[in-house]
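The values are calculated or read from the model by the stated rules, or taken from the named source; none is laboratory data. All of these numbers come straight from a predicted model, not from anything done at the bench. Note that we place each Cβ from the backbone using ideal geometry, even for glycine, and neighbour counts take in every protein chain shown. We work out accessible area using only protein heavy atoms, side chains counted, and drop any ligands, DNA or RNA first. Shrake-Rupley method; radii C 1.70, N 1.55, O 1.52, S 1.80 Å.
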Amino acid sequence: MNLRLALSTIIIPATIAISAATDTLTIATYNIRNCIGMDMTQDIDRTAKAIQTFEADIIAVQEVDSCTHRSKGIDILGQLASRTDMTATYSSAIDFDGGRYGIGILSKEQPIAVKHIQLPGREEARTAVIAEFDDYVFCCTHLSLTDEDRILSTEILRPILSGYDKPVFFAGDLNSHPSDPAIKMLCNNGMRIISPGSPTYPADTPEEQIDYIMTTAGDNNVKIIRSYIPDEPIASDHRPIISEIIIMSNK
């Protein structure tokens, strides 16, 4: 993989028992700000090219227009899927500007099942989308700017995500710092963070850690190969996160 400079990397030893793995997976999360970069230019091709460098199997994507006037009627997630040869799974949070605004998942595989969960947000309604695959479950969300709504959102999502008998990955812009109640609640109730403990926002000079990749699986079930933040300072106002993991066999 042709990787650019990582701000933070977690690496596990090469002696991991690869033969015991059922699958290797590259996960990403990226708040794309509707393909509007730090230069305030909307450039779908630039965002797609950034996503292609991740070589990810599945990506949680936040701040995505679908057929709005401001995006010239374009289905942004669909266009990114077409340019990256991935499958788009969209989840609308609100009706906006003649279309919809929300989040989505880009995946190499077609999900076998999808759930949409409406979440609270005082500044705007929020949503989560859960895509189930043969070996794992993936949830993308973009939580509220309000602390109370983030806490309520975690209370809504926690029992749903804990109800699966396969590894669950939870990714997105959680608008929370590691010491905030919502993150503590998740970590105290079966989630562990597998993304780097480094800032992702703003993209040009990151100062805040508000984007995360988590899992319900313990170290015996999901091993981290590495987790890093690419040096992508222009394409959005957030930097992406990539985690390469191995899902271990229980057989």
Counting every Cα pair in the stretch 177-251, what percent are over 13 Å apart? 67 percent
Relative contact order for the chain using alpha-carbon pairs under 8 Å, separation at least 6, rounded to a whole percent? 25 percent
Normalised Cα Rg of the stretch 56-200, dividing by 2.2 N^0.38 Å with N its residue count, works out at 1.03
Rough spin-label spacing in nm, given labels placed 7 Å along Cα→Cβ, for Asp39 and Gln52: 1.8 nm
Starting from the Cα of Arg192, move 7 Å in the Cα-to-Cβ direction to define the label point; list residues of the stretch 125-165 whose amide nitrogen is under 19 Å from there. 136-139, 161-165
Accessible surface, per residue, of the stretch 59-171 when the full set of protein chains is kept, probe 1.4 Å, Å²: 41 Å²
Summarise the accessible area of the chain (1.4 Å probe, protein heavy atoms) by the percent that is carbon and sulfur. 49 percent
Show me the ranking of peptides 55-61, 23-29 by mean Cβ neighbours inside 10 Å, starting with the highest. 55-61, 23-29
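From the Cα trace of the stretch 15-134, what convex hull volume per residue do you get, rounded to a whole Å³?
137 Å³
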What share of the DSSP beta bridges in the chain is antiparallel, in percent to the nearest 5? 85 percent
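What FRET efficiency comes out for Ile156 versus Arg70 if R0 is 25 angstrom and r is the Cβ-Cβ distance? Round to the nearest 0.05. Please report the intermediate quantities before stating the final value.
Numbers: r = 30 Å, r/R0 = 1.18.
The calculated FRET efficiency here is 0.25.
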Let me have the relative contact order for the stretch 205-251, percent, based on Cα pairs under 8 Å that are six or more residues apart. 40 percent
Using the Cα gyration tensor of the stretch 110-150, with a ≥ b ≥ c the square roots of its eigenvalues, what is the shape: rounded (a/c below 1.5), prolate (a/b larger than b/c) or oblate (neither)? prolate
Can you give me the orientation-averaged projected area of the convex hull built on the Cα atoms of the stretch 129-224, in nm²? 6.3 nm²
Using 7 Å Cα-to-Cβ label points, what is the Leu145/Glu207 separation (nm, one decimal)? 1.6 nm
Over all pairs of different Cα atoms in the chain, the reciprocal of the mean inverse distance gives a Kirkwood radius in Å of 18.0 Å
